[in-house]
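Enquirer: One structure is given below, represented as structure tokens, and several questions about it will come after.
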Amino acid sequence: MAGRTPRAVAAQTAITAGIASLVATALATQAASGEIQPLMSLGSGALVGVICFLLVYRQLGLYIQDRVRIIYKTIRRLKGSTSHVHLDMGQDIIEQVNHDVMTWADSQIEEITTLREADTFRKEFIGNLAHELKTPIFNIQGFILTLLEGGLNDPEINRKFLLKAAKNVDRMAGLLEDLDVITKMESGTLDIELVPFDLLEIIRETMESLEPKARRSEIDLRLKKGVDASQIMVKGDSSKIVQVLTNLIVNSINYGSEEGHTEIRCYDADDAILVEVADNGIGINESHLARVFERFYRVDKSRSRHAGGSGLGLAIVKHILESHGQTISVRSTEGEGSTFSFTLEKA
Ligand SMILES: Nc1ncnc2c1ncn2[C@@H]1O[C@H](COP(=O)(O)OP(=O)(O)OP(=O)(O)O)[C@@H](O)[C@H]1O
Ligand SMILES: [Mg+2]
């Protein structure tokens, strides 16, 4: 079929029309001279019409299908599909092709946007990681150099600098540990086993372990009255929920106000339990609120009494809850405090 062009199709159609008109004229002449019956002439004319229609229809069909198939082949090949193209000649084919090409173009644009986003994300991620590792590594380098340049023999500073170096190593180890958790969660290799456990018991244990830290920062850590009387059974991975509570409570302490408080509340919400960690700390400006769950995202450090977080805590919290099929949200007013809420399925 190669070489079929609009001109060739027009020529073939013209030949068909020419032959048809010759036949029609011959029939009309014969009918007029009485050689054949007028009814027979009409019947033959109709037959010629049908044959012409079929011939033109076939020429046009072959031409359009040839061309359209090429378009579909290109689309399918790019999409990785090899399935057969079926064209309904009774339909407005050009409109149908136009629609399919537009849909294809939209999906291509979407794919390109996703790839671009992933690329930006990757670049940002590497940039952030390098930035986070730079500070502790430079600190350690500085401490070691000071020790090597004579500090080692100075009993005043040798132990102090070694302790500082060790603290920076801990910070790096913590960062890598957090990254490991996030990566595993994102690739789905971190197993979450949903088993029934007593949420209140977990909350009390976590509060107890964080009590000394809260006391040092003069934060009053409390459980909302009324919920500490009973047991609250939920489904989840209790060690991961401890991590969620720890991250949220530690944040409430780190970004709390002097002599502030943190309150943990539990509410019954039909099939789920709603847990809230509320503080009256520095709060978060609305412009940052939607982004605090992103990896490495931190609101201006200078505002808080605490410095040195890597901005991974809430990203981990969000991942853990999502892997439980649950969600987390935050409401906050700058200068007044923040409340983080999440749900857990009742056991
Ligand atoms: N309770 C809170 N009150 C005010 N700001 C908060 C609170 N919790 C989180 N934030 C803000 O959100 C940012 C992200 O919190 P996230 O826990 O993810 O990171 P981080 O605490 O900075 O570091 P990390 O938890 O990894 O040590 C924080 O840097 C802080 O600016
Ligand atoms: Mg944190």
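Enquirer: Take the chain, connect every pair of alpha-carbon atoms lying under 10 Å apart with a spring to form a Gaussian network, then pick out the residue of G174, G281, G311 with the largest mean-square fluctuation.
Expert: Among G174, G281, G311, the largest mean-square fluctuation in the Gaussian network model of the chain belongs to G174.
Enquirer: List K240, K164 from most exposed to least, where exposure is judged by having the fewest other Cβ atoms within 10 Å.
Expert: Details: K240 21, K164 16.
In order of increasing Cβ crowding within 10 Å: K164, K240.
Enquirer: Let me ask you something else. Using the Kirkwood radius built from alpha carbon pairs, what does the Stokes-Einstein equation give as D for segment 174-325 at 4 °C and 1.567 mPa s, in µm² per second?
Expert: In µm²/s, the coefficient is 79.
Enquirer: With label points built 7 Å along Cα→Cβ from the Cα atoms of I19 and E334, find their separation and express it in nm.
Expert: Distance between the two pseudo-spin positions: 8.4 nm.
Enquirer: Mean-square fluctuation check for the chain, GNM, Cα pairs under 10 Å: which of T146, T206, T74 is largest?
Expert: Comparing T146, T206, T74 in the GNM, the peak value goes to T74.
Enquirer: For the residue pair E211 and E286, what label-to-label distance in nm results when each label sits 7 Å from Cα along the Cα-to-beta-carbon direction?
Expert: According to this spin-label approximation, the distance is 4.0 nm.
Enquirer: Right, here's the next one. Strictly over 19 Å apart at the Cα level, which of K164/K184; K134/K184; K213/K346; K184/K318; K184/K235; K184/K346 would you flag in this model?
Expert: Over 19 Å apart, Cα to Cα: K164/K184; K134/K184; K213/K346; K184/K235; K184/K346.
Enquirer: Pick from E95, E263, E117 the residue whose mean-square fluctuation is largest in a GNM of the chain, springs joining Cα atoms under 10 Å.
Expert: Of the options given, E95 has the highest mean-square fluctuation.
Enquirer: Right, next: Counting only Cα atoms, I'd like the Rg/Rh figure for segment 6-90, Kirkwood definition for Rh.
Expert: 1.26
Enquirer: Let me ask something additional. Could you tell me the distance between the Cα centroids of segment 236-299 and segment 98-125, to the nearest Å?
Expert: Distance between centres, Cα-based: 35 Å.
Enquirer: With the cut-off at 16 Å, report for segment 237-347 the share of all Cα pairs above it, as a whole percent. Could the numbers behind the result be given before it?
Expert: Values: 3507 of 6105 pairs.
Percent of Cα pairs beyond 16 Å in segment 237-347: 57.
Enquirer: Quick check: pseudo-label points 7 Å beyond the Cα along Cα→Cβ at R77 and A272, how many nm apart are they?
Expert: Placing both labels 7 Å along Cα→Cβ, they lie 4.9 nm apart.
Enquirer: T120 to K167: FRET efficiency via 1/(1 + (r/R0)^6), r the Cβ-Cβ distance, R0 30 Å, to the nearest 0.05? Before the final figure, lay out each step's value.
Expert: Working: r = 34 Å, r/R0 = 1.12.
The computed FRET efficiency comes out at 0.35.
Enquirer: Where does the chain land at 222 nm, in deg cm²/dmol rounded to the nearest 500, when only DSSP H runs of n ≥ 4 count, each adding -39500 (n - 2.57), divided by all residues?
Expert: Values: 8 runs with 205 residues, N = 347.
Value at 222 nm, helices only: -21000 deg cm²/dmol.
Enquirer: Report the relative contact order of the chain, percent, no decimals, based on alpha-carbon pairs under 8 angstrom and at least 6 residues apart.
Expert: Reported as a whole number, the value is 12 percent.
Enquirer: Right, here's the next one. So if each residue of separation counts as 0.36 nm, and I subtract the Cα-Cα distance between A46 and N158, what length gain in nm does that give?
Expert: 29.3 nm
Enquirer: Shifting gears a bit: With 26 Å as the cut-off, how large is the P(r) tail for segment 115-231, expressed as percent of Cα-Cα pairs?
Expert: Details: 3714 of 6786 pairs.
Value for segment 115-231: 55 percent of Cα pairs lie more than 26 Å apart.
Enquirer: Computed from the mean reciprocal separation of all distinct C-alpha pairs, what Kirkwood hydrodynamic radius does the chain have, in Å? List each step's numbers first, then the result.
Expert: Numbers: mean 1/r = 0.0364 Å⁻¹.
Result for the chain stands at 27.5 Å.
Only the coordinates and a few stated rules stand behind these numbers; no lab work does. Just so you know, these numbers come straight off a predicted model, no measurement behind them. All Cβ positions, glycine included, derive from the backbone under ideal geometry; neighbour counts span all protein chains shown.
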